[in-house]
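No lab work stands behind these numbers, since they all come straight from the coordinates. All values reported here derive from a predicted model rather than from experimental measurement. Neighbour counts run over all protein chains shown; Cβ positions are idealised from the backbone, glycine included.
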Amino acid sequence: MKKFNDVCIIDDDHIFIYGIKRLFKEVNFGNDILVYLNGKEALNGLRLHLEAGKKLPSIIFLDLNMPIMNGWDFLDDFCKIDASELNDTLVYIISSSVDPRDLVRIKSYPIVKDYILKPVTANDLEAIQKEKVT
Amino acid sequence: MESLVISSFIKDYPASVVIVNREMQIIDHSKLWLKELQNITQSPIGHPIDDLINHTSEEFSKCCEECLLGGEITKVIQKLNNPEENTQWLEWTISPWKENPGKIKGLIIIKNDITETKKKEELLLKAKSIARIGGWEVDLVTNTIYWTQVTKEIHEVPMDFIPNLEEGINFYKEGVDRNKITSLVSDAIKDGVPWDTELRIVTAKGKELWVRAKGEVEIVDNTVVRLYGTFQDIDEKKRVELKYEEVSDRLLIATKVSSIGIWDYDMVENTLVWDDNMYGLYGVKKEDFSGVVEAWESSVHPEDIKPAQEKLELAIKGEIEFNTEFRVIWPNGEIRYIKAIGHVIRDSKGNAVKMIGANWDFSRDKKAEKKLKNLLDITSKQNNSLMNFAHIVSHNLRSHSSNLSMLTGFFAEEKDNEEKERLIKMLCEASESLDETVQHLTEVVQVKTDAIDKMRPVNLYETILGVKKNLAVLLKEKNTTCKIDVSKNLQINAIPAYMDSILLNLFTNSLKYSSPKRPLIIEISAQRKGPHIKVNFSDNGLGIDLDRHGGKIFGMYKTFHKHEDAKGIGLFITKNQIESMNGKIAVDSQVDKGAKFQLFLEAIDN
């Protein structure tokens, strides 16, 4: 099983954050975990990250419905980051939405690897680990 | 001497007269006779008459011979077909003259040109035949009947048919028609009363025909001795007339029952005529107006007069078919919707000469249409928002339920008591959030389609004051200044509970997102804008970045401030409530300057 170095979670729901962190520990998913409560915070945080000369996280779990800046707005701005700095970053959308319009819209962002419907399970995380290895 | 006198008498006789001897040689003539003969250079005296008149007929010669042999005065009518001139009719009167009693010495021949009379007679005959007018006569003394050719034709009997009075009457249709003619004829015989009537006969071939029968009486010594008159086939005309009567009777009933008004505009005479239904449609009395145009202009809604007149002009020009609608205001103030159609009648040159049209009241349709449109509007909006709603419901419920299932999963496996306690806390939190979400959703569901029925006049100023009073503590806490510039008697058509909820929402919004840098100022003003009351609700708070959020500000669960209370459902409900009251809401804002909401609500005229 692959262990990721930097994992980023962008979600305003602290119960979800607690849960996914617990699952990370369970399946030994990642070392450093960055948490942002909305898109705006995430953009600012990641920008500071780059300015400090650090690499972007290799995997981002992104929620869609958040206050201040939602997942879509985050994606729009995030895509503007220079490709050379993207560092093979993969974005996974994690949402409770089953709106087909959301699923269609996701396809227009190549950076989005997959869509995971809440609740996230250990199996979901293990599947990501396996995929990344092969 | 005597012969000379006679001779000179004949010379000046004011007719065409010629006197011949037994050998048919001319012995004298009137000047007129000579004048009518052309190409005569010498005196015709002594010449045979045949030399001078080359067009005498055989009948004429025969009559002359008979007359010389002792016949009576005879008249011969002769038709001359002159190839170059018109047909000429001559009437010859031939009479013998005697010198000694009994001895015929020759003939006096008088020529008379009767072309004019003859032509008139021919014309009359022709006219009678074309008009199918026949004649008849009943001699009451001999009890014989005479029918002319046309009369026989109308009865479809052979030309040699000779009827009697009873047979003649029996041609009339049994029943009303025969009874009528019987009584007319008997009255005529009894009292000498003439008649003129239209009745049906059944011809010899069984055909039913309408005829006009006229009868006159001839009275001798106070007794009617003869009946005579005309008999005309008026079947075609009568049937058209009856058909027309039937159609117009039907039309009259139809228009009366359906309250369709008919109007008739004669452009040549410049007159407009209305039937009685028209006045009914406009709720006015005929006698209250000097003319139809005046009645129309004073009844139609002032805004609709010009467009209707323009349509009329275009129709007269032939550019459109006249088909329009307008409102009329009844004397009691009621507004009715009138549909008007018309047809332009043109002369052979295409000039409009007349217009005929109809009006009817379609207020009921219009009302139904309005209601339907309104319903459709609400339904499609509702449908749209329901669609969003369903997804939002699913999203929000899911996010809580997934948390709950995740937490209970952890709880089942957790051994550490401290961690278990943390999980229980979170479980409580998640179930509370779920409950809160369900409450919000219930609020949204309560914005129903039948909201319109609950609308009533609401005093805006008092409603604002009421809401402000409820929030007095919170407003004071933030040191808020409220500037309310709303007329005290301004009425809006609204659902009172919704108005409270909307204003409460706007106030709490301003309170929640006030700027920490300055004391809060809320300004509310209202003014009339067309059919709406426009309410401005503005604050000097944090404001909203509209470039970023403009499109989603009234969506569900969208918040734009980093604020723990910001659940984002308030404006969604506000918008739904306003729209269900036929209103609109718009927002204008600048970050860190404040937000300004504009509400458009249904006005009520005081």
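Miscellaneous remarks
- For residue B:226, distant residues with modelled amide H under 5 Å away: B:140, B:218
- Measuring nothing but how far apart in sequence close Cα pairs (under 8 Å, 6+ apart) lie, relative to its length, the range A:4-133 scores a relative contact order of 26 percent.
- Sorted by Cβ density within 10 Å, fewest first, the residues B:415, B:339, B:311: B:415, B:339, B:311
- Taking the C-alpha atoms of the protein assembly as shown, convex hull volume expressed per residue in Å³: 412 Å³
- Estimated from helices alone, the mean residue ellipticity of the protein assembly as shown at 222 nm is -13500 deg cm²/dmol (sum of -39500 (n - 2.57) over DSSP H runs with n ≥ 4, per residue).
- Vicinal HN-Hα couplings computed from phi for the range B:235-247 (Karplus, 6.51 cos²θ - 1.76 cosθ + 1.60; Hz; Gly/Pro x): 4, 4, 4, 5, 5, 4, 4, 5, 4, 4, 4, 5, 4
- Between residue A:44 and residue A:31, residue separation times 0.36 nm minus the direct Cα-Cα distance comes to 2.5 nm.
- Look at the Cα gyration tensor of the range B:131-239: its axes a ≥ b ≥ c give a/c of at least 1.5 with a/b over b/c, and that counts as prolate.
- FRET efficiency, 1/(1 + (r/R0)^6) with R0 60 Å, evaluated for residue B:484 and residue A:51 via beta carbons: 0.75
- Couplings for the range B:497-513, taken from phi via the Karplus curve 6.51 cos²θ - 1.76 cosθ + 1.60 with θ = phi - 60°, read 4, 5, 4, 4, 4, 5, 5, 4, 4, 5, 4, 5, 4, 5, 5, 5, 10 Hz in order; Gly and Pro are left as x.
- Sparsely packed loop sites in the range B:168-234 (the GluC sites (Glu not before Pro) outside DSSP H, G, I, E and B with at most 15 other Cβ atoms within 10 Å) comprise B:174.
- Over chain A - Rg/Rh using Cα atoms and the Kirkwood inverse-distance radius: 0.93
- Ranked list, fewest to most other Cβ atoms within 10 Å of each Cβ, for B:507, B:322: B:322, B:507
- FRET E, pair residue B:525, residue B:591, Förster distance 30 Å, beta-carbon r, rounded to 0.05: 0.85
- Cα gyration tensor of chain B - equivalent ellipsoid semi-axes, whole Å, descending: 114, 29, 23
- Nearest-0.05 FRET efficiency for residue A:77 and residue B:604, computed from C-beta distance (R0 45 Å): 0.40
- Ranking of B:428, A:79, B:63 by count of other Cβ atoms within 10 Å, fewest first: B:428, A:79, B:63
- Integer Hz, Karplus 6.51/-1.76/1.60 couplings in order for the range B:373-383, x for Gly and Pro: 5, 4, 4, 4, 4, 4, 5, 5, 5, 4, 4
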